[in-house]
Amino acid sequence: VQLQASGGGLVQAGGALRLSCVVSGRTFSGYKMGWFRQAPGKEREFVAAIRWSTGTTNYADSVKGRFAISRDNAKNTLYLQMNSLAPEDTAVYYCAAGSAVWFDSNRETAFSDWGQGTLVTVSS
């Protein structure tokens with residue numbers, strides 16, 4: 001299983017970025033996918049998750065209304081649209097895949113496969 005994240009970069013506060021994560025090696029229809037982030041000097045934290053088969057989503061309070069997680073079944077690609085970015089969104093963003101169990105969709109331990117991370121820097 002491989003997850004390849006991309007789309008990070010430098011953006012000014014108030015701007016937008018879209019992250020992508022191409023998944024390969026398995027069919028993810030029975031899984032959930034997620035985005036996590038790790039800011040400098042901080043622990044990795046949950047951002048958003050999506051149930052691949054139904055499109056059900058879950059978001060951290062800090063990103064609700066600004067970020068949107070989605071997936072493209074045909075392209076086997078996960079997305080994270082990030083709008084109204086703020087300096088506190090600066091972090092390395094990781095995509096991850098886990099079982100279809102949903103109650104723990106905001107926990108790192110619920111995800112077994114991880115991408116390499118892509119850096120998002122938001123300047124003030």
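The values are calculated or read from the model by the stated rules, or taken from the named source; none is laboratory data. All values reported here derive from a predicted model rather than from experimental measurement. Counting neighbours? That spans all protein chains shown, and the Cβs are built from the backbone with ideal geometry, glycine included. The accessibility values were calculated without ligands, DNA or RNA, using every heavy atom of the protein model including side chains. Shrake-Rupley method; radii C 1.70, N 1.55, O 1.52, S 1.80 Å.
Things worth noting here:
- When the chain is treated as a GNM with alpha-carbon contacts under 10 Å, the residue of 73, 83, 106 showing the greatest mean-square fluctuation is 73.
- For segment 1-97, applying the loop criterion from DSSP together with a ceiling of 13 other beta carbons within 10 Å to the GluC sites (Glu not before Pro) yields 43.
- Histogrammed with a bin width of 10 Å, the alpha carbon distances of segment 1-121 distribute as 15, 51, 30, 4 percent, first bin at zero.
- Sparsely packed loop sites in segment 25-122 (the chymotrypsin sites (Phe, Trp or Tyr not before Pro) outside DSSP H, G, I, E and B with at most 15 other Cβ atoms within 10 Å) comprise 102, 103.
- Simple label model, 7 Å out from Cα along Cβ direction - residue 99 to residue 13, nm: 4.3
- Positive-end residue of 11, 74, 55, charge dipole of the chain with Cβ unit charges: 74
- Just checking the listed ones, 90, 54, 77: in the Gaussian network model of the chain with Cα springs under 10 Å, the one fluctuating most is 54.
- Candidates 47, 101, 63, ranked by Gaussian network fluctuation over the chain, Cα under 10 Å, top entry: 101
- Heavy-atom accessible area ranking, 1.4 Å probe, most first, across 61, 89, 104: 61, 104, 89
- Trypsin sites (Lys or Arg not before Pro) restricted to segment 1-60 and DSSP loop, no more than 10 other C-beta within 10 Å: 42
- Each Lys and Arg contributes +1 and each Asp and Glu -1, all at the Cβ; summed about the Cα centre of the chain, the dipole is approximately 280 debye.
- Amide H contacts of residue 104 (H built 1.01 Å from N, under 5 Å, at least 5 apart or other chain): none
- For the chain, the residue among 86, 114, 22 whose Cα projects farthest onto the positive side of the dipole built from Cβ charges is 22.
- For residue 64, a cut-off of 19 angstrom between C-alpha atoms picks up these lysines, skipping any fewer than 8 places away in its own chain: 32.
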